[in-house]
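Here is the structure we will look at.
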C-alpha cells in the first residue's frame, strides 16, 4: 500500500471552490542557526491558497502561546483590512498549531482547522513551496547585499512585500489585488532595492554638520509611512521618510548628501528627528560565529499588531502615481522644464536610474496604530554578540571623503575672494547638479569649505567607489554614433559611415517604415508607446561599411507587443532539406531577402523619435529590427505570401515550404533562403516571382551542376551529377584562426579533440578568490560559446569534447583551460572536416540509431549517453549528453540511452510522414548491451528502478512487440557510439570521422551485428538497401 497517495490536482480543485482570503496554509521554518535567546529565529508564513497573498512574521521562539497569538492577529487583520472571512486553516500537526488555545479560537470563529498527515508535505504543498521560495529570496537578497546575516528578517519582509504587490502569471494580477478585490494603486517610488546604499537625513540643530548619514536600504517599515535603513557606523536600524539613494556614479558625478537632503527635507522638520532617547538596545547572550540574529527592538513575547509585511501600499491622493500609468510615471521622472529636450542617458556614462525620491510618501493614517504615527523612529541596534559574529562592512576612505567633505575645520585655507567663491561654486555644480531629476530650488546653499586639493584627489578615485543602486537605461544612439562618426578621427571611415547612415535612413523612408513629415510632440503621446532608436555601425568581412537603424526592444512595454513567439528553421531540419533535394536531384540556389522585416506591417501603436529632432515622435508603421514582435510579423507575412503561391509548411518543420509534388522547396531562416527546384528553369521562374515581391540578393548559384556557397555560416558544396552534398565550417574557422593561434601555441599537434581524463581539481578552485574565479569562468564561457557554435552546425566529431567542456565551465582549473585549448587546436588542425550526404539508392530509407552509455562518468555521478542517428546512409544527428538522473547500473544507463535515441528516431519518422515523403519508415536500434535487450524481450519489470524509467521501458517494449522497432546487438568493440561517451583511442575515433564522410554506413554496421537477437540482420540490410 502506498503512503500519501494523492489524487492529482485534488487540492487545486478544492481551492477553486474558495474565495480569496477564505483558505490559508500555514508553516513555520526554523531555528535559523544558534542565535541569542532574544533574537528572532523562526519564520511564520501564512499563504492564501487562492490569491497567493503572503503574511510573514519572525519570532524568537515557536511556542504555542507566541504562534497562536500571531495567528489570531493575522486573522483579525485579514478580516478588518480586506473584509474577508477566514474559513479554513491548513496546518501540520506541530504543537504550535494543535494547542487548545488555537483550537478554541478557530472553533469560536467557525474556522475549520485541517491537519495534514505526518511527513506528508504534499498535503500542505502550498505552504511548503512558499517556505522554500522565501528561503531562496532571503538567501539571494542577503548574499547580493553583503549585509550582516543578522538582518535576514528584513530580507523576508522585503521579499514578501514584492511578491504581494507585483503581478503573477497564474493570476494575471497581483495577490494584493486579488485579495482586496480592487485594482490597487502602488507607489512607484516606494520600491527601494534591498541593500542599496543611501543617505538619510541627519536631523540636528547645527547647520554646519553633515546633513546626510550613510545608510543601507532594508524594507518598507510596516508600522509607519517610512522605510527601514541600516546605519553601518552605529549598527542601528531606523525608520525614516527622509532619504535618497546614493548612486555610485551619475554622469561622472556623485551625490552630496548635504546638498540633496537639505533640499528634499525642510531644515525645521521636527517630525523626522532621530534622537538618542529613541535608541533601544538588546542585551543578547554571546553567539557563535555562524549565528543568524535580528536587531528588532521588540521584547521576547511581544506580538505584532499588524503582520509586518503589509503596509498601506494603496494610495488615493492626487500626488500619487499608478505604476501601471506609464504616462504619469514618465512625466514624473521627466524634467519640469517644458521646452527642455528630453534626452536619453548614454551608455558611455555609467548612470543610475534615480526616480524622484524627494517626494514624501502619503497614505491613510487610519489603518495604523496611534503609537506609530511618527514618520521617523528608531527601531533597534545590533547586539554586541552579533557584531562579533558578523563583521559590519567598513566605510571606505573614498566614501568618508564624500560624506565629510563639507565641514569648516579648514576654512582658513581659502581666501574669501569673489573668484574663489565662483570657482568653488562651479566645482560644486559640476559634481552634483546633474544628479537631480528636477531643477534646483531657488534657495542656494553656499559651501562652508571645499578643500580643492582633496576634491581633485577624490576625482581620481571616483570610478573605484562601487555603491549599489538602480541602473538606468542609457542613451545608446550616441554610443555607436559618436564612435563611428562624431568622434571618429579617421576621415575616410567617418565618410563611409556617414554615407551608410544616410543610405539606411533613406531606405527606411522608401520602405515607408515611418513618415518624417508627421511630427508629434513627445508629451502628447503615451510615454510607454515611445521606443528609442539606435544606430549600429558595422564593417563586414568584405570591408563594406554598414549602418542599421533599430529599435530598442529592451525598452518595450507590454502595451507595445503581445505574443511574439515564432518558430524558426532548425539546423537539423535544414540538413534534412538538403538530403531530400539531393535524393530528388534538385537544383539549388541561395539568396537573401534585403530588409526582410520592413515588409511586414506593424499591428501595435508604436512611436519612435524623429532621427533629426528627438523632441518629436512619429508613428512606426513597419516591423523595424529590434522590436520583440518583428520576427513573428515577418514570418507570418512571408508565410502568407508563400501559401498564396501554393507552398505549404508543416507543424514539425517550421521554415520549410514546398508544393504538393515537391517540384519547388524553400528553406527560410529569417532572411536567408535556400531554394530547390526540379529544373533550372523552374528555379529561375520561382526566383523571379520572389523578386517581384521582395528585394533579393543572390548569394550562390549553380554553375554546370555545381554549387559552392555558404548557408547559415556553413560552407555548402553540391554536385548534382555525383549526388553528393557536403557541409563544413572551414571559412568561419579560418576567419577566427588568427585570434587564437597565440593562445594555443603551447598545445601539441593532436588527432583527437578530447583529453584522457576529465576530473576536476577542486582544491585549486577552492583556493581562488571570488574575483579571479569569476574572471576565469567568464573566459571559459567565451571559449565554450565559440566551440558550441561550431559543434551545433556540422562538426559531429567535437560533440563529446564540447559537451564535456560545457559541463566544466564552472570549474576554472588549469586542466579545464587545457582541454579547451586542445579542443580549439584540434578544430584549427581539422578545419576542412565536413559531413557528406550521398544520394540514396532506395525509395524507402530506414532510420537507424546506434546508442551507448557509460555509467557514472560525470562529476555529479550521472551517466553519459551517446546517440548516432542515420536517415538511410546519411548521418543525420549526433548526441552526447549526460543523463537526466543518476542510474544504478550500466543496464539502466543503456536502456535510458536506447529510449532517448528512439525518441529522436520517431520524431524524424513523424516529420517524414507529415511531409508525405515516406510512409511508415523502418526504425532500427543497435546497442552493445545484451542485458538491455533481454529486459526488453522478456518484459522484465524491476521494483528497484524508478517509475520514470519503467515508463520508458514500457514504451520501448510496446514498440518492439508491435515490430515497430527492430533492435540488434553489436559487439562493444564495434560500437562507434562509444566515442560519444568517454575518451577513446585515435583508431576508434577515426570511425566517427569515417561515418561523417559517409564511408561507414548503417549497412556496414548491420553486417557485424550478432544474429538471433530479435530479428535477422539480413532483413534490415535488405530494407536499407
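For segment 84-100, give me each residue that is in contact (Cβ under 8 Å) with a residue 40 or more places away in the chain and either part of a helix (DSSP H, G or I) or more than 19 Å from residue 65 (Cα to Cα) (or both). Within segment 84-100, 84, 85, 86, 87, 88, 96, 97 meet the criteria. If the condition is being touching a residue at least 12 places away in the same chain (Cβ under 8 Å), over 30 Å from residue 581 (Cα atoms) and in a helix (DSSP H, G or I), then segment 900-937 contributes 930, 931, 932, 933, 935, 936, 937. With (1) in a loop (DSSP other than H, G, I, E, B); (2) closer than 20 Å to residue 753 by Cβ as the list, and residue 845 as the residue in question, which single condition is left unmet? Among (1) in a loop (DSSP other than H, G, I, E, B); (2) closer than 20 Å to residue 753 by Cβ, the lone unmet condition for residue 845 is (2). Spot the failing condition for residue 545; the list is (1) at pLDDT below 90; (2) loosely packed, with under 15 Cβ neighbours inside 10 Å, and only one is missed. Checking residue 545 against (1) at pLDDT below 90; (2) loosely packed, with under 15 Cβ neighbours inside 10 Å, the one that fails is (2). Just the residues that are without any contact (Cβ under 8 Å) to a residue 60 or more places away in the chain, touching a strand residue (DSSP E or B) at 6+ places or on another chain (Cβ under 9 Å), part of a loop (DSSP other than H, G, I, E, B) and within 30 Å of residue 699 (Cβ to Cβ), please, taken from segment 512-543. 540 - this is the single residue of segment 512-543 that is without any contact (Cβ under 8 Å) to a residue 60 or more places away in the chain, touching a strand residue (DSSP E or B) at 6+ places or on another chain (Cβ under 9 Å), part of a loop (DSSP other than H, G, I, E, B) and within 30 Å of residue 699 (Cβ to Cβ).
Within segment 594-615, the residues that satisfy the criterion of being in contact with a strand residue (DSSP E or B) (Cβ under 6 Å, 6 or more places away or on another chain) and in a strand (DSSP E or B) are 607, 608, 609, 610. Check whether at least one residue in segment 563-586 is more than 30 Å from residue 876 (Cα to Cα), modelled with pLDDT under 90 and part of a strand (DSSP E or B), and report yes or no. No, that holds for no residue. Scanning segment 630-669 for residues that are in a loop (DSSP other than H, G, I, E, B) and surrounded by 18 or more Cβ atoms within 10 Å (Cβ to Cβ) yields a count of 1. Does residue 813 satisfy the criteria of being under 20 Å from residue 877 (Cα atoms) and touching a residue at least 40 places away in the same chain (Cβ under 8 Å)? When the stated conditions are applied, residue 813 does not pass them. In contact (Cβ under 8 Å) with a residue 12 or more places away in the chain, surrounded by fewer than 20 Cβ atoms within 10 Å (Cβ to Cβ), out of contact with any strand residue (DSSP E or B) (no Cβ under 6 Å at 6 or more places or on another chain) and not assigned by TED's automatic domain parsing to the domain that holds residue 735: which single residue out of 505, 509, 576 fits that description? Just one listed residue meets the conditions, 505.
Would you be able to say whether some residue in segment 806-817 is out of contact with any helix residue (DSSP H, G or I) (no Cβ under 8 Å at 6 or more places or on another chain), part of a helix (DSSP H, G or I) and surrounded by fewer than 23 Cβ atoms within 10 Å (Cβ to Cβ)? Yes, there is a match, as at least one residue in segment 806-817 is out of contact with any helix residue (DSSP H, G or I) (no Cβ under 8 Å at 6 or more places or on another chain), part of a helix (DSSP H, G or I) and surrounded by fewer than 23 Cβ atoms within 10 Å (Cβ to Cβ).
Filtering segment 961-981 to residues that are surrounded by fewer than 17 Cβ atoms within 10 Å (Cβ to Cβ), under 43 Å from the mean Cα position of the chain (by Cα) and outside any helix (DSSP H, G or I) leaves only 964.
The values are calculated or read from the model by the stated rules, or taken from the named source; none is laboratory data. Nothing here was measured: the structure is a model prediction, and the numbers come from that model. With ideal geometry, Cβ positions are generated from the backbone for all residues, glycine too; neighbour counts draw on all protein chains shown.
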